[in-house]
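First the structure, in the form of structure tokens, and then the observations on it.
The values are calculated or read from the model by the stated rules, or taken from the named source; none is laboratory data. Source: prediction; values computed, not measured. Don't worry about glycine lacking a Cβ; one is built from the backbone with ideal geometry, like all the others, and counts go over all protein chains shown.
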Amino acid sequence: MTRHLRMDEPQARLLDETGQGVLSTPLPRPEGPLKVTGRARYAAEVTMPDMAVGVLVRATIPAGRVTGMNTSEVMAMPGVLGVWHGGKMLRNPAQGTANAAPVQPGDEVAYYGQPIAVVVAETFEDARAAGQALEIAYAPSNAEPDPDTAATVETAEGLDQGDLEAAMDSAAYSIDAAYTTPGHSSAPMEPHAALAAWEGDNLVVHGSYQMLKYNVNELADSLGIPPENVRIHAPYVGGGFGSKLGIAPEAVAASIASKELGRPVRVAMARQDVFEMTMRRSETRQRVRLAAGVDGVLTGLGHEDRVSNLPGESFAEPTVQATHFLYGGENRRYVQEIARVNRTCAGSVRAPGEAVGMLALENAMDELAEAMHVDPVDLRLRNIPDTHPESGVPYSARSLAECLRDGAERFGWSERGLPGERREGEWLIGMGVASAARANFIMESEARVTLNPDGTALVETDMTDIGTGSYAILGQIAAEMLGLPMDKVKVDLGDSAMPPASGSGGSFGAASAGSSVYLAAQEIRAEIARKLDCADDDLTLRDGNAVADNRKTALTELIDAPMVGHGHLEPGKTAESHSQAGYGAHFSEVAVNEVTGEVRVRRMLSAFAVGRVLNQRTATSQGHGGMIWGIGTALTEELQHDPRDGRIVNRDLAEYHVPVNLDVPDLDVMLIEERDDESSPIQAKGIGELGLSGVGAAITNAIYNACGVRVRDYPATPDKILAAL
Ligand code: MOS
């Protein structure tokens, strides 16, 4: 029994009618105990009899060709089983939803740190020693490591609507400012790892990936085998943030070696590998122009940027994604330049686009508010457009104004003073605000739900849980729909043999996979209604009982064989008919030390509106995660590239500074009640990346409010602040 839904029109809000009362409640993650006791097995912890271990060896030039290596010497080392290079090895991971093999460069080297070879041995120690002894000879060629001076720059003409130049000339107030953001690393806690084992022509991989249905095709295409022969297990993923959207070099390397050796082979990345050979977020150079009338209403808006990537990669950081729809203004212009560089591949890193594009936009809005002497919250409220300023379509649910107003109220925004006004000893105190916005969409997703005669249910889909709470929310949706307590529902995820879900990416996982579970459960509800001879609408399922026409029947009595529902969601017309996004407002209070330039974030509040909240706890945690990323983005995170060869210099967590506990104050997350009827049949939108979108600007705007220093080159490190004080 399949229920297929194309999201062409709003659906009834059934989840507001069901009576189990588990949905939206702050239930803890069911797999939490397994994780904190070490019983949840991550890819690198899976072992197999006779398993060999491989390490990846990275290029030490930025461009050129491999001409040879001392393979025979290395093969003679203790425990060494083989060295593979070239051939089907990957240059870099697949971009998200690529569904096909990434570049397989053979002997060509395109960036410093590219995986060149896999060395396989009996033990990890033997493999690592051999990998370190592998000497690679190169024929170097000219490298372009610097996006500012790169010889090849492609220009993507964005929109040119109206006449921005004229709007700037005639504006009562205008801002024309340049900003830069450095590269970022996703830096997931769990390094990428894969264990590959063949049975004849069939390949099984235990790995750490976000989107299994695409990953199967990417791995199969990389190896030149049919996708039916590939199965991927990824039941637990220790963070991805985009770096695990696509199949990555370790999976292909392990598969090649395993096939040749006839043994299972595990390849886990070292932390330096993760930095150098998975995805980085491109650095950006941005110019924002704002033109406003005397009332502060925007008449023009320009957002231009330069980003970079390797030759041949289709991905370009979508810097202006939220600029398209967040604020009004008739005259609009966007141009993007993509510099082709010999640097680690650029790809999706959490909230691609908004995470850095909104820093510039929300700083510029702060500069405009300052120039006009209006409250920055007020300025944003004045610029919320009625319809999409470019396409003219209406918005789906959009509680931006509520987030700004309610957030300001709860944060105590009215206490904000002028720059330099609030002081505690040598600390200057300031407050900042930024809007949050993140484009919303759903992806095709399937799930199977089985209701058993013993009153338990099983949810099965290849959906992943990358630390977000998929196990929790998918179980909650099934329990709510089937009227079961949570402990009667089991959720199995992360096996590509199960129905193909959206996967985890783009913040679309919860609404997409959640809707497929909802549809599957709807099918079971319909069958129960048929059995009870009542209309679907007259059926109530609660605590293991079905109630219809004042008759109450236990599900265990009603069902004598498993009932299986299959749910299949596809995006449809509402994706085009309405502009969909999650919205929010970030507030921060910082203290800037006028002697050292040090910035401490003292408190933060973010208000979010994301349609139906599926689990208050996991949604709040997603908010926390985004806000913490925002602290890193604003103050510390920065990939440093050696100007000579583009190599990432700070390629570990000691040198790439993500926020630590002491950097993170109490974080307050407000979830605004909302339903988005156009977003999905469960009226839910994405939340994960929204938390990061704009938040860093609330911190840099607070720095300005504290001490009058405008940092336009991220991150706002003490040296930049001191120099300007
Ligand atoms: Mo996300 S950057 O699509 O994991």
Residues in the stretch 302-319: is at least one more than 16 Å from the ligand (Cβ to nearest atom), in contact with a Cys (Cβ under 8 Å, 6 or more places away or on another chain) and not polar (S, T, N, Q)? yes
Quick check: anything in the stretch 525-544 hydroxyl-bearing (S, T, Y) and buried (at least 23 other Cβ atoms within 10 Å of the Cβ)? no
The strands (runs of 3 or more DSSP E) lying wholly within the stretch 147-263 that contain at least 3 residues that are touching a Lys or Arg at 6+ places or on another chain (Cβ under 7 Å) and closer than 24 Å to R306 by Cβ are 153-161, 173-181
Cβ-Cβ below 8 Å, separation at least six or inter-chain, first residue in the stretch 239-253 and free of Cβ contacts under 8 Å to residues at least 60 places away in the same chain, second within 13 Å of the ligand (Cβ to nearest atom) and assigned to a loop (DSSP other than H, G, I, E, B): which pairs? A251/Y209
Does A151 satisfy the condition of being within 29 Å of A339 (Cβ to Cβ), at pLDDT 95 or above and loosely packed, with under 13 Cβ neighbours inside 10 Å? yes
Hey, does the stretch 164-181 have a residue that's surrounded by 14 or more Cβ atoms within 10 Å (Cβ to Cβ) and within 16 Å of the ligand (Cβ to nearest atom)? yes
Give me the pairs: first residue in the stretch 15-27 and over 17 Å from G611 (Cβ atoms), second residue in a loop (DSSP other than H, G, I, E, B) and among the acidic types (D, E), beta-carbon distance under 6 Å, and six or more apart or on different chains, which are they? none
Counted residues, the stretch 206-219 - those being touching a Leu at 6+ places or on another chain (Cβ under 7 Å) and more than 16 Å from the ligand (Cβ to nearest atom): 1
What tally of residues in the stretch 1-50 results from selecting those that are in contact with a Phe, Trp or Tyr (Cβ under 8 Å, 6 or more places away or on another chain) and in a loop (DSSP other than H, G, I, E, B)? 6
Confirm whether A478 is buried (at least 24 other Cβ atoms within 10 Å of the Cβ), over 30 Å from A585 (Cβ atoms), without any contact (Cβ under 8 Å) to a residue 60 or more places away in the chain and not hydroxyl-bearing (S, T, Y). yes
Regarding Q286, is this residue on the phi < 0 side of the Ramachandran plot, part of a helix (DSSP H, G or I), more than 16 Å from the ligand (Cβ to nearest atom) and of a type in the set (S, T, N, Q)? no
How about the stretch 221-262: which of its residues are within 14 Å of the ligand (Cβ to nearest atom) and among the hydrophobic types (A, V, I, L, M, F, W, C)? A234, V237, F241, L245, A248
Members of the stretch 75-96 that are more than 16 Å from the ligand (Cβ to nearest atom) and more than 15 Å from G131 (Cβ to Cβ): G86, G87, K88, L90, R91
Looking at the stretch 322-339, can you tell me whether even one residue there is within 16 Å of the ligand (Cβ to nearest atom), crowded, with 22+ Cβ neighbours inside 10 Å and in a loop (DSSP other than H, G, I, E, B)? yes
Residues that are out of contact with any strand residue (DSSP E or B) (no Cβ under 9 Å at 6 or more places or on another chain) and part of a loop (DSSP other than H, G, I, E, B): does the stretch 675-694 have at least one? no
Where in the stretch 503-614 are there strands (runs of 3 or more DSSP E), lying wholly inside it, with at least 1 residues that are among the charged types (D, E, K, R)? 540-542, 551-554, 563-571, 581-593, 599-609
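Residue by residue, here is whether (1) touching a strand residue (DSSP E or B) at 6+ places or on another chain (Cβ under 6 Å); (2) among the small types (G, A, S); (3) more than 28 Å from L558 (Cβ to Cβ); (4) within 14 Å of the ligand (Cβ to nearest atom) holds:
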residue	(1), (2), (3), (4)
M481	no, no, no, no
M486	no, no, no, no
V489	yes, no, no, no
P500	yes, no, yes, no
G505	no, yes, yes, yes
S512	yes, yes, yes, yes
S516	yes, yes, no, no
Taking the stretch 695-725 and keeping residues of a type in the set (S, T, N, Q) and either in a helix (DSSP H, G or I) or under 20 Å from R603 (Cβ atoms) (or both) leaves T700, N701, N705
Any residue at all in the stretch 430-443 that's under 23 Å from the mean Cα position of the chain (by Cα), crowded, with 24+ Cβ neighbours inside 10 Å and in a loop (DSSP other than H, G, I, E, B)? yes
